[in-house]
Each structure stands twice: as structure tokens, then as C-alpha cells.
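Where a number appears in this text, it was derived from the coordinates with a stated rule and is not lab data. In this text, all values refer to a predicted model and were calculated from it rather than measured experimentally. Virtual Cβ from ideal backbone geometry, glycine too; neighbours counted across all protein chains shown.
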Amino acid sequence: MQFDVFTLFPGVLRPYLDSSILQRAQQNDLIKVALHNIRDWTFDRHHVTDDAPYGGGGGMVMKVEPIFAAVESVLGAPPSCPLLYLSPQGKPFTTAIARELAQQPRLGLLCGRYEGVDERVIEHLVTEQISIGDYVLTGGELPALVLIDAVSRFIPGVLGDPDGAEEDSFGNGLLEYPHYTRPEEFRGWRVPEVLISGNHALVAKWRREQSLLRTQKHRPDLLNGESKVQSTTKTKE
Ligand code: 4GX
């Protein structure tokens, strides 16, 4: 799968992509990430990528022409694949969306800075807006990395374990059970005895229970199938 990232700061993505699991995925040709500097598609003397908003007010807006030039020269006019814009105004990113996007052969990701991009980019070039959470960052680069990372985990071979991503939290709709490794005792804190019992059935039962307990305690919304929107209805306990 190929990711094409359009950004004013390609340098901030490279070190993360070229480490650990994503580095190995690129070496094994399971994913390819091309970084495109939007500034390379400015044709004025000062390579201007942003400008003051019409109507006044603070902040700067990313100009429409360099973004269209960059995206259309890389992905075609019109683009031959989805172009996602990372934005707090987008659809909340979930494991289901990550799994779905992993089916695509190619994805364009547009990273905004400042007050965002000229709305004509959203209206006429972007196919979908995605949000990684209800907070505002300084740019779309971290959200793009989050998306690439979460999507790549669903591409067969990226995780060593063949059914890796499906086993994790949310893969099965529950939070994960606790994990331990050696030593058996550290500062008097022992690993739960069941895990060193060698009884695989008991271990499986304990893990299932722990997953349920944790989900009930920290994310009851995942069990009740209720809306992700926090309920304001008061209930006992
Ligand atoms: N989930 N950001 C987008 C520029 C911007 C500002 C306002 C539209 C409107 C974010 C998030 C996120 C920072 C990316 C601001 N675009 N992206 N950027 N949360 O915070 O995806």
C-alpha cells in the first residue's frame, strides 16, 4: 500500500516512519510512504504557501493553488485515489476505519497547518475528513502518522504475528488483558500465579475475565454498544 503525504514539514514525519515496525514494513515493500513538500509547488518568487483570511481575523490559511498543484501532479487530475484531510472537524478515527482503509492500494493524506486550508480544497479535492480526537494540534502531521501507523497494522505481514491487529484492543471490541514478562518478582510485586501455572485453559479464562473487567471499569461504552457521546443521564452507581 502506498501513502502519499502532502505537508509543509516533511522532515517531521521521516524519523518516525524510518523506525521500528514501519521501517521494516517499508523495507519489505509492504508499505511505501512518499512525502511531498507543498512548497515545491509554489511558483511565485517567495514560495508563499499561506495567506491572510478573507473577511479578516487572525491566523493564516493555506493557499489553494499549491495544494491543487501538488496533489494533482502526484495523484492525477482528478486524483485516482482517496485524499484524506486530517482535521478536528473530520469523522472520528476508529479501528473499523483503519481496517477499511487498509484495503486501499493508495491513499493521499493532506496535512494542514495554521487555521487550515482554503475551503475550496475541502470542497473540490478532499474526499474525506478524518479526526484523530477532540483536541487541536499545531498541524496535521501527527494525525497523518497516527493514521499511517494504525492502518499499516492491518496490512498482512506488517506485524510479525499473522492475526496481530485483530487480537488487540478494539480488534475484538474489548480492552486488552494485562501483560507480564520476566522476572517473576520485582520489588516484591509478583506476576499473577495463574500465568506461571502452565494451565493454558486457566490462562485463557483469566485473560478473558481481565479484558471484561477492564472494559467495564474504563470503557463501559464499549460493552453497552451505546453511543460514543458521553451520556448526561444520571444513573445509580
Ligand atoms: N485530528 N489538526 C488540522 C489545521 C486545521 C485547523 C482548523 C482545519 C481547521 C487534527 C485532529 C488537528 C490541527 C490538523 C489543525 N484544519 N487533525 N490543523 N485533532 O488537530 O486530525
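Can you give me the relative contact order of the chain as a percent, contacts being Cα pairs under 8 Å and 6 or more apart? Normalised by residue count, the contact order of the chain is 19 percent.
Need the list of aspartates and glutamates near Lys32 for cross-linking: C-alpha distance under 15 angstrom, and skip anything on the same chain fewer than eight residues off. The qualifying aspartates and glutamates are Asp4, Asp18, Asp149. Scaled against the 2.2 N^0.38 Å expected of a compact globular protein of N residues, the Cα radius of gyration of region 1-100 reads 1.26. When you count the other C-beta atoms within 10 angstrom of each residue and take the mean per peptide, 108-114, 68-74 line up highest first as 108-114, 68-74.
Backbone amide hydrogens, once placed in the peptide plane, bring Asp50 within less than 5 Å of Lys63, excluding anything fewer than 5 places away on its chain.
Put the Cα centre of region 20-49 next to the Cα centre of region 109-123 and the gap is 17 Å. With axes computed from alpha carbons, what is the tilt in degrees of helix 64-75 against the longest principal axis of the chain, rounded to the nearest 10 within 0 to 90? The answer is roughly 60 degrees.
Diffusion of region 81-183 by Stokes-Einstein, at 4 °C in a medium of 1.567 mPa s and with Rh set to the Kirkwood radius over alpha-carbon pairs, works out to 86 µm²/s.
With all pairs of different C-alpha atoms in the average, the Kirkwood value for the hydrodynamic radius of the chain is 20.7 Å. Ranked by the mean number of other Cβ atoms within 10 Å of their residues, highest first, the peptides 124-132, 150-158 fall in the order 150-158, 124-132. Our coupling estimate for region 135-141, obtained by passing each phi through the Karplus curve with A = 6.51, B = -1.76, C = 1.60 and θ = phi - 60°, is 7, 10, 9, 7, x, x, 5 Hz, Gly and Pro reported as x. Helix 200-218: angle to the longest alpha-carbon principal axis of the chain, degrees 0 to 90, nearest 10? Its long axis makes an angle of about 50 degrees.
Under 5 Å between amide hydrogens, built in the peptide plane, is the criterion, and for Leu109 it picks out Asp4, Val5, Phe6, Leu84 among residues at least 5 positions away or on other chains. How many angstrom lie between the C-alpha centres of region 64-96 and region 149-208? So the separation of the two Cα centres works out to 36 Å.
Using only the C-alpha atoms, the convex hull of region 136-216 corresponds to 172 Å³ per residue.
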